[in-house]
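Peer 1: So that we are looking at the same thing, I have put the structure below in structure tokens.
The values are calculated or read from the model by the stated rules, or taken from the named source; none is laboratory data. Only a predicted model underlies this, so the values are computations on that prediction, with no experimental measurement involved. Note: ideal-geometry Cβ built from the backbone for every residue, glycine included; neighbour counts use all protein chains shown. Each accessible area value is taken on the protein alone, full model and side chains, heavy atoms only, with ligands, DNA and RNA left out. Shrake-Rupley method; radii C 1.70, N 1.55, O 1.52, S 1.80 Å.
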Amino acid sequence: MIWESFGSAALGLVLSWAALRSLADRLPTPRAVYLTGVLGALFGAFLTHSALGPGHVLATLIGAVSVGAVTLSLLIRPRGRRLTRSAAAQ
């Protein structure tokens, strides 16, 4: 279990680095991106390990990458458009 945690944290860092490298202008600060990637991957590993049980290391790491990528995708901001308040909120 400890190696799955280290592996998923490392994969979360790699995902965060790749996201920052390709989408730096559309993401918040690098610190927030790295933190989100690692925590998302750790949560994905925990979730997959809880569902499948011990002995499924590869599936656990795939679950970690999947959830880490989803959490990182939630940080992406729209390109070029400024977000404005709706008429109802004003």
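Peer 1: The range 1-83: which trypsin sites (Lys or Arg not before Pro) are DSSP loop and have at most 10 other beta-carbon atoms within 10 angstrom?
Peer 2: Taking the range 1-83 and a limit of 10 other Cβ atoms within 10 Å, the loop trypsin sites (Lys or Arg not before Pro) found are Arg79, Arg81, Arg82.
Peer 1: Could you work out what % of the accessible surface of the chain is carbon and sulfur, using a 1.4 angstrom probe and leaving DNA, RNA and ligands out of the count? Spell out each step's value before the answer.
Peer 2: On the way: 4280 of 6230 Å².
For the chain, the apolar C and S fraction of the accessible surface comes to 69 percent.
Peer 1: If DNA, RNA and ligands are ignored and the probe is 1.4 Å, what is the ranking of Ile76, Ile62 by accessible area, most exposed first?
Peer 2: Details: Ile76 65, Ile62 100 Å².
Order by accessible area, largest first: Ile62, Ile76.
Peer 1: A follow-up question, please. For the chain, report the accessible area per residue in Å² (1.4 Å probe, heavy atoms, rounded to an integer). Before the final figure, lay out the partial values.
Peer 2: Values: 6230 Å² over 90 residues.
Per residue, the chain has 69 Å² of solvent-accessible surface.
Peer 1: Running a GNM on the chain with Cα contacts under 10 Å, which residue among Thr29, Thr60, Thr48 ends up with the highest mean-square fluctuation?
Peer 2: In the Gaussian network model the winner is Thr29.
Peer 1: If you average the sequence gap of Cα pairs under 8 Å that are 6 or more apart and divide by the length of the chain, what percent do you get for the contact order?
Peer 2: Working: 110 pairs, mean separation 31.4, N = 90.
With pairs under 8 Å counted, the relative contact order is 35 percent.
Peer 1: Helix 57-73 against the longest principal axis of the chain: what's the angle in degrees, Cα atoms only, rounded to the nearest 10?
Peer 2: Compared with the principal axis, the helix lies near 10 degrees.
Peer 1: Taking only Cα atoms and a 10 Å spring cutoff, compute GNM fluctuations for the chain and point out the largest among Leu27, Leu52, Leu15.
Peer 2: It is Leu52.
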